[in-house]
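Notes follow the structure.
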Amino acid sequence: MAVEITDEIAEQINTSLEGGVPCLVATTTKDGKPDIAIRGSVYVFDKDHLAFWERSHGESLANLRENPGVAVFFRNPATRASFRFYGTATLHEAGDPKRDEIMARVVERELNADPERKGYGVMIEVDRVRQGGNVIMER
């Protein structure tokens, strides 16, 4: 089964912030201590990648530097749509063209919260997607 994020899933993820249901991103330290954070900037970058703008410079960033494994959770209670994405994140810092490419597609509301643009672009290569208890895509 190939990972290919469908247009229908992308529409839900890409409008999650404006719909009032931003994604949750889970990260862990290299020794397994977890953290979870709301990330309103998560979007589908292409058929097998998610991306987001990391502007908090907190635990999530520290964890991503130690351990690239991530999980992203989306749930819209109104539509009962629910997806879990699992993958490997790559950080893109200032001066990296991929950071600029990620930033160019981040929702304006999230970029406005980082007026000095000190954030990082995060690209997640998605290895597996679950809908409910079912794996619907897997690398």
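The values are calculated or read from the model by the stated rules, or taken from the named source; none is laboratory data. Treat the numbers as computed from the prediction; the structure is a model and nothing was measured. We place every Cβ from the backbone using ideal geometry, glycine too, and count neighbours over all the protein chains shown. Heavy atoms of the whole protein, side chains included, go into the accessibility calculation; ligands, DNA and RNA do not. Shrake-Rupley method; radii C 1.70, N 1.55, O 1.52, S 1.80 Å.
Look through Ala37, Ala26, Ala51 and report the one residue that is of a type in the set (A, V, I, L, M), within 15 Å of Thr90 (Cα to Cα), at pLDDT 95 or above and open to solvent by 10 Å² or more (accessible area, probe 1.4 Å).
Going through Ala37, Ala26, Ala51 in turn, the sole match is Ala26.
Filter region 95-125 down to the residues that are open to solvent by 80 Å² or more (accessible area, probe 1.4 Å) and over 13 Å from His57 (Cβ atoms) and list them by number.
Within region 95-125, Pro97, Glu101, Ala104, Arg105, Glu108, Arg109, Asn112, Pro115 qualify.
Right, Ile136: in contact with a Gly (Cβ under 6 Å, 6 or more places away or on another chain), closer than 22 Å to Thr15 by Cβ and β-branched (Val, Ile, Thr) or not?
Numbers: in contact with a Gly (Cβ under 6 Å, 6 or more places away or on another chain): no; closer than 22 Å to Thr15 by Cβ: yes; β-branched (Val, Ile, Thr): yes.
No; evaluated as a whole, the condition is false for this residue.
Considering region 39-70 alone, what residues qualify as being over 25 Å from Arg139 (Cα atoms) and not hydroxyl-bearing (Ser, Thr, Tyr)?
Gly40, Glu54, Arg55, His57, Gly58, Glu59, Leu61, Ala62
Can you say whether Val72 is at pLDDT 95 or above and in a loop (DSSP other than H, G, I, E, B), as far as the supplied structure shows?
Spelling it out, it is not the case that Val72 is at pLDDT 95 or above and in a loop (DSSP other than H, G, I, E, B).
Just the residues that are in contact (Cβ under 8 Å) with a residue 60 or more places away in the chain, of a type outside the set (S, T, N, Q) and surrounded by fewer than 18 Cβ atoms within 10 Å (Cβ to Cβ), please, taken from region 54-80. Outline the logic, then answer.
Restricting attention to region 54-80, the residues satisfying the condition of being in contact (Cβ under 8 Å) with a residue 60 or more places away in the chain are 54-55, 57, 74, 76, 79.
Going one step further and asking which of them are of a type outside the set (S, T, N, Q), we end up with 54-55, 57, 74.
Once the filter is applied, which keeps residues that are in contact (Cβ under 8 Å) with a residue 60 or more places away in the chain, of a type outside the set (S, T, N, Q) and surrounded by fewer than 18 Cβ atoms within 10 Å (Cβ to Cβ), region 54-80 yields only His57.
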